[in-house]
Amino acid sequence: MARDRADRHRVAHLVLINAFVGAMVGIERTVLPLLAEAEFGIASTAAATAFIASFGISKAVTNGFAGALSERWGRRPLLLLGWVIGLPVPVILMLAPSWSWILLANVLLGVNQSLTWSMTVVMKVDLAPPRSWGLVIGWNEFAGYAGMAATAAATGFVAARWGLRPEPFYLGLAAALCGLALSVFASETRPPSRPARSDGPSPEAADPTPTFLAVLARGSGGHAPLTVASIGGLATNLKDGALWGLLPLLLASRAVSVGGLGTVVATYPMVWAVSQLVFGPLSDRIGRRGLITAGLLLQAAGVGGFAFGTSYAAALGSAVTAGLGTGMVYPTFLAFVSHRAEPAWRAAALGVYRLWRDLGYAVGALLSGLAADALGLQPSLALVAALLTVVAGVFWFGAGRR
């Protein structure tokens, strides 16, 4: 009983840490797409969204190694390293003399997000029994995206009153310092070598510990459920990369104020955050496959609403719809992958999933930026909605019955 109470306190501590992790990326969601043209004179949408691609690539590549490294070095050292790497980011964003410095800041931010967010997920999975993975991952993702939503809204209002920089980025510096301070007091959770639990992964996963490359192969085509999870995660963050880059520009083109824009941009991750408190535990009870498929379709509906709706009310409704769809899949995908890996390579499997998922940021930013330059903002978002619909079908037929 005392052990259970201690583990609950450790999980709560990690939830709080992840709120500051999310706050770090939230400082960019409203302000940075507007900053590209206003201060750096970048007119091309593809060039303006390149910062999201640099973030996504660095985060994805780091994800690929973070899980495996945490099995060797431990979770806590990587958590602390992630915060140290993230500390310069808000300072660079405040003082950057050219857009190349913004790209560098986003490379560092991607590494920061990968190491800190990955470790909070893996540490909770270490502490919780499999029957509660959806619950604890749901709380983790809620905290991160609530932090993101809070700073996305706050930076919009700060920018409306005091300008696009440096004032909005003071919030990022405060978040980095708080996150690092809290992480100093986190304890290591890496388990010793242990047998699989009886209520853990399926028997098909019970094999000797594979190499990282073997796990990468499983999540990249060699194992159908893990592969369709990778595809679904990539499509989800492709959508997020497209909205991150294009939504502020689309709303600004419709004469929405910076403060009003910040409200819409923040509504999407806030609904995403809160809904995970429902859908994470729900997936423990009713299964993952249906929730993930429905979530992908809801995301498609939300993005389509942004593309074809023209009023401010329609934009808010689309933000709620896209947020609900994302909240349905985010913790559920992580629990889905966790249930299909043995404890000895579960962290690596989560790392591979997160690698493909976060490549979606780069793919979404680059493709939607190019499509926006060629076709316009609305058609590019319509293409994203169509892609999500197709991926929902791919996941449903490839995920198996569990």
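Summary of computed values
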| item | result |
| --- | --- |
| Helices (runs of 4 or more DSSP H) wholly inside region 58-142 containing at least 2 residues that are among the charged types (D, E, K, R) | 75-86, 99-127 |
| Unique match (being in contact (Cβ under 8 Å) with a residue 12 or more places away in the chain, of a type in the set (Val, Ile, Thr) and under 25 Å from Val136 (Cα atoms)) among Val363, Val391, Val352 | Val352 |
| Top-ranked residue in region 106-132 [being surrounded by 24 or more Cβ atoms within 10 Å (Cβ to Cβ) and of a type in the set (Gly, Ala, Ser); ranked as farthest from Ala66 (Cα to Cα)] | Gly110 |
| Among (1) farther than 29 Å from Tyr312 by Cα; (2) without any contact (Cβ under 8 Å) to a residue 60 or more places away in the chain; (3) buried (at least 23 other Cβ atoms within 10 Å of the Cβ); (4) of a type in the set (Gly, Ala, Ser), the one test that Ala217 misses | (3) |
| Residue that is surrounded by the fewest Cβ atoms within 10 Å (Cβ to Cβ), among those in region 36-81 that are in contact with a Leu (Cβ under 6 Å, 6 or more places away or on another chain) and among the polar types (S, T, N, Q) | Ser54 |
| Residue in region 184-212 that is modelled with the highest pLDDT, counting only those that are over 22 Å from Gly64 (Cα atoms) and either touching a Cys at 6+ places or on another chain (Cβ under 7 Å) or crowded, with 18+ Cβ neighbours inside 10 Å (or both) | Ala186 |
| Flag for Ala347 being crowded, with 24+ Cβ neighbours inside 10 Å, within 18 Å of the chain's Cα centre (by Cα) and assigned to a helix (DSSP H, G or I) | yes |
| Checking Ser318 against (1) over 25 Å from Val121 (Cβ atoms); (2) surrounded by 24 or more Cβ atoms within 10 Å (Cβ to Cβ); (3) touching a Leu at 6+ places or on another chain (Cβ under 8 Å), the condition it does not meet | (3) |
| Lone unmet requirement of (1) crowded, with 24+ Cβ neighbours inside 10 Å; (2) out of contact with any Lys or Arg (no Cβ under 8 Å at 6 or more places or on another chain); (3) of a type in the set (Gly, Ala, Ser) for Ala154 | (1) |
| Subset of region 351-402 (residues that are crowded, with 20+ Cβ neighbours inside 10 Å and not in a helix (DSSP H, G or I)) | Ala399 |
| Members of region 126-183 that are modelled with pLDDT of 85 or more, within 26 Å of Leu80 (Cβ to Cβ) and aromatic (Phe, Trp, Tyr) | Trp139, Phe142, Tyr145, Phe169, Tyr170 |
| Candidate set: region 258-297, residues that are under 15 Å from Ala146 (Cβ atoms) and of a type in the set (S, T, N, Q); chosen: the one modelled with the lowest pLDDT | Gln276 |
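The values are calculated or read from the model by the stated rules, or taken from the named source; none is laboratory data. What you see is a predicted model; the values in this text were computed from it and never measured. So basically every Cβ, Gly included, is an ideal-geometry build from the backbone, and we count neighbours across all protein chains shown.
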